[in-house]
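K.L.:
If you scroll down you'll find the structure; I have some questions about it.
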Amino acid sequence: MPKYAMVIDLQRCVGCGACSIACRNENNVSEGIYWSNKITETSGTFPNVRFHYRPTLCNHCTNPPCVRGCPTKAMHKLDNGITMHDPDKCIGCRYCMFNCPYEVIYFNWQEPHKFWKDSRPVIEGGTSSPKEMAQKVNNGNGAPYSNPARGKTLPENRPKGVVEKCTFCDHRINVGEIPYCAEACPADARVFGDLDKPDSKVNQLLGKYKPYRLKERLGTQPNVYYIRSYNPAHYKRTKGGI
């Protein structure tokens with residue numbers, strides 16, 4: 001059984017945010033919820049200021065506090081190392097959110113907006129209704145903008161009153177693909193693979209560079225590793241400006 005991990009090469013990362021956009025498109029992530037996010041920091045004093053950009057996601061910890069704190073086992077570990085969530089078992093207590101030191105678990109406070117079921121036209125006699133438009137686009141089968149592949153292991157649109165988070169795109173892994181954030185990265189800054197394969201790309205990178213993980217002191221043993229440093233953001237005053 002594989003043990004999946006991700007290595008993020010910060011020297012390759014250009015801070016474009018393509019990973020976050022790809023994640024939203026692939027996983028039908030709602031507004032205000034961020035499976036793929038970032039930490040941005042500035043340090044120094046003008047004119048010598050350094051900008052740090054660090055992409056974040058669920059760390060799929062080997063020793064996850066979110067799993068230990070879940071009273072219904074809705075948050076659980078798969079054999080391949082992915083930290084997964086079962087919305088059918090979730091009672092919305094949010095203990096997992098409180099226990100997660102990385103703040104990467106989110107709660108659905110509202111039902112998904114099913115605008116495609118609205119039969120009222122925006123302009124009476126002038127435009128189609130959302131329902132009519134959805135019928136033309138996808139025969140009325142759910143939201144015209146959503147990715148139906150996400151529905152293979154989780155509800156395509158998550159219900160109200162449950163938590164959600166990154167799953168390493170488990171539905172893609174199940175068919176031999178990699179997480180969409182890694183595939184969509186234009187700089188190839190994200191590398192996904194199996195830690196139990198000595199010759200995997202993730203192991204090659206971890207052996208070549210000194211990696212670090214977020215909040216390692218807590219003993220959660222994250223499976224998202226960072227190597228090198230964010231490179232393009234060292235700003236100095238020059239004769240031509242900043």
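What follows draws every value from the coordinates through simple rules; no lab data is involved. These figures come from a predicted structure and were not determined experimentally. Cβ: placed from backbone, ideal geometry, glycine included. Neighbour counts: every protein chain shown.
K.L.:
Looking at segment 125-221, which chymotrypsin sites (Phe, Trp or Tyr not before Pro) are DSSP coil and have at most 15 other C-beta atoms within 10 Å of their C-beta?
P.N.:
Here the chymotrypsin sites (Phe, Trp or Tyr not before Pro) that fit, given the DSSP loop and packing criteria, are 145, 209.
K.L.:
Picking from 198, 148, 179, which is most flexible by a Gaussian network model of the chain using Cα springs under 10 Å?
P.N.:
198
K.L.:
From the phi of every residue in segment 22-38, what ³J(HN,Hα) in whole Hz does the Karplus formula 6.51 cos²θ - 1.76 cosθ + 1.60 yield, where θ is phi - 60° and glycine or proline is x?
P.N.:
4, 4, 4, 5, 6, 10, 6, 6, 6, 4, x, 10, 10, 5, 10, 9, 7
K.L.:
Next question. 7 Å from Cα along Cα→Cβ at both residue 40 and residue 196: what's the point-to-point distance in nm?
P.N.:
4.0 nm
K.L.:
In percent, what relative contact order does the chain have, based on Cα pairs under 8 Å that are 6 or more apart in sequence?
P.N.:
Values: 436 pairs, mean separation 81.3, N = 242.
Worked out over the chain, it gives 34 percent.
K.L.:
Could I ask something else about it? Within the chain, what is the longest stretch that has no trypsin sites (Lys or Arg not before Pro) placed in a DSSP loop and near at most 12 other beta-carbon atoms within 10 Å?
P.N.:
Excluding the exposed sites themselves, the longest stretch runs over 74-159.
K.L.:
Let me ask you something else. In Å and on Cα atoms, what radius of gyration and Dmax does the chain show?
P.N.:
Reported Rg and Dmax, both Å: 20.6, 65.
K.L.:
May I ask you to list the residues of segment 18-44 whose amide nitrogen lies under 19 Å from a point 7 Å from Cα along the Cα→beta-carbon direction of residue 229?
P.N.:
Output list for this probe position: 39-44.
K.L.:
Which length gain, in nm to one decimal place, applies between residue 208 and residue 97 when the Cα-Cα distance is subtracted from 0.36 nm times their residue separation?
P.N.:
Numbers: separation 111, 0.36 × 111 = 39.96 nm, distance 3.44 nm.
Working it through step by step, the gained length comes to 36.5 nm.
K.L.:
Which pairs in the list 165/197; 3/197; 160/215; 77/165; 117/160; 38/215 are over 20 Å apart, alpha-carbon to alpha-carbon?
P.N.:
165/197; 160/215
K.L.:
For residue 160 and residue 89, calculate 0.36 nm times their separation in residues minus their Cα-Cα distance, and state this gained length in nm to one decimal.
P.N.:
Gain on stretching residue 160 to residue 89: 24.2 nm.
K.L.:
So if each residue of separation counts as 0.36 nm, and I subtract the Cα-Cα distance between residue 175 and residue 109, what length gain in nm does that give?
P.N.:
Full extension of this stretch gives 20.6 nm more.
K.L.:
About the Cα centre, and with charges only on the beta carbon of Lys, Arg (+1) and Asp, Glu (-1), how big is the dipole of the chain? Nearest 20 debye, please.
P.N.:
It comes to approximately 820 debye.
K.L.:
Add -39500 (n - 2.57) for each DSSP H run of 4 or more in the chain, then divide by its residues: what number comes out at 222 nm, to the nearest 500 deg cm²/dmol?
P.N.:
Here the helix-only value at 222 nm equals -4500 deg cm²/dmol.
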